[in-house]
Amino acid sequence: DGRVVFCETAGVSLEKGQRVIVEGDQGPEFAQVTTLHPLIVKQCQLREARRLVRIANDGDLSSYQAKVDRETRFFADTRDLASEKRLPLKLVRAEESFDARKYTIYYTSETRIDYRKLVADLAVKYPTRIEMRQIGPRDETKMRGGLGPCGLTLCCSTFLKGFHPVTIKMAKNQNLSLNPSKISGMCGRLMCCLAYEDEGGRPAFDNSTATRKPENISPEAAV
């Protein structure tokens, strides 16, 4: 889904493009090797590296494709039931766990939703654990992905693990245009990249706007 994570291979020989099973937040996950020589910027990246479980086989690939098909059908059924019940929510994604024991539905809504009847009807057709999780605009954009104004894939859907505070003052420190259409991302919020150069832009901006008080020169010393 676009996410790039570091993985500790424990000496296992891999090739670029190879399918593997890696350790995930909710259990094992199906992944693909993107590079064998990742750029390590911070030591914390090594400490937070995922663990390689094993190299995927043909059976894992078939299971993954079947999992994607089930997620597609589950999402369509959830959308139809939510529309039938006229629930004011916007479905973003439906995910099935690797062991097929749980479905997680991600949605956005401006109000609090009573989804108990929706989950009960889904459980009749899908007798498994179903979890509804409300997310915000930034998380929605992170899941959907896309291209930013720079022409690259969105930072939130690739390497960013979490969202940090971004303020309008960061744009002012870098002397950027305060036009909302110029400094807002696809989520409608301030772009995360405004914080990347804030530390370096702040002293430069302060130096450019600093004013020096005139020195007191006596009339006798003036030539």
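Just one of the numbered conditions (1) in a loop (DSSP other than H, G, I, E, B); (2) touching a Phe, Trp or Tyr at 6+ places or on another chain (Cβ under 9 Å); (3) loosely packed, with under 15 Cβ neighbours inside 10 Å is not true of GLY162: (2). Residues that are aliphatic (A, V, I, L, M) and at pLDDT below 90 were ranked within the stretch 81-120; the one that is nearest to ARG133 (Cα to Cα) is ILE113.
Might you let me know whether the stretch 184-207 holds any residue that is of a type in the set (A, V, I, L, M, F, W, C), open to solvent by less than 80 Å² (accessible area, probe 1.4 Å) and at pLDDT below 80? Yes, the stretch 184-207 contains a residue that is of a type in the set (A, V, I, L, M, F, W, C), open to solvent by less than 80 Å² (accessible area, probe 1.4 Å) and at pLDDT below 80.
Among the conditions (1) in contact (Cβ under 8 Å) with a residue 12 or more places away in the chain; (2) within 23 Å of the chain's Cα centre (by Cα), the only one that VAL68 does not satisfy is (1). For first residues located in the stretch 140-151 and free of Cβ contacts under 8 Å to residues at least 24 places away in the same chain, partners that are open to solvent by 30 Å² or more (accessible area, probe 1.4 Å) and lie 6+ apart or on another chain with Cβ distances below 7 Å form the pairs LEU147/THR153. Annotation note: Cβ proximity below 7 Å between a residue of the stretch 153-171 that is within 27 Å of THR34 (Cβ to Cβ) and a residue that is basic (Lys, Arg) and open to solvent by less than 70 Å² (accessible area, probe 1.4 Å) (sequence gap 6+ or interchain) occurs for CYS156/ARG138; CYS156/LYS142; SER157/LYS142; PHE163/ARG138.
Taking the criterion of being within 23 Å of ALA76 (Cβ to Cβ) and open to solvent by less than 50 Å² (accessible area, probe 1.4 Å), the residues of the stretch 136-156 that qualify are GLU140, THR141, MET143, GLY145, GLY146.
Can we say ARG101 is out of contact with any helix residue (DSSP H, G or I) (no Cβ under 6 Å at 6 or more places or on another chain), without any contact (Cβ under 8 Å) to a residue 24 or more places away in the chain, over 23 Å from GLY17 (Cβ atoms) and basic (Lys, Arg)? For ARG101, the condition - out of contact with any helix residue (DSSP H, G or I) (no Cβ under 6 Å at 6 or more places or on another chain), without any contact (Cβ under 8 Å) to a residue 24 or more places away in the chain, over 23 Å from GLY17 (Cβ atoms) and basic (Lys, Arg) - is not met.
The values are calculated or read from the model by the stated rules, or taken from the named source; none is laboratory data. In this text the structure is predicted, and so the values were computed from the model without any measurement. Every residue, glycine as well, gets a Cβ built from its backbone with ideal geometry; the counts of neighbours run over all protein chains shown. Surface accessibility is based on the protein's heavy atoms, side chains included, excluding ligands, DNA and RNA. Shrake-Rupley method; radii C 1.70, N 1.55, O 1.52, S 1.80 Å.
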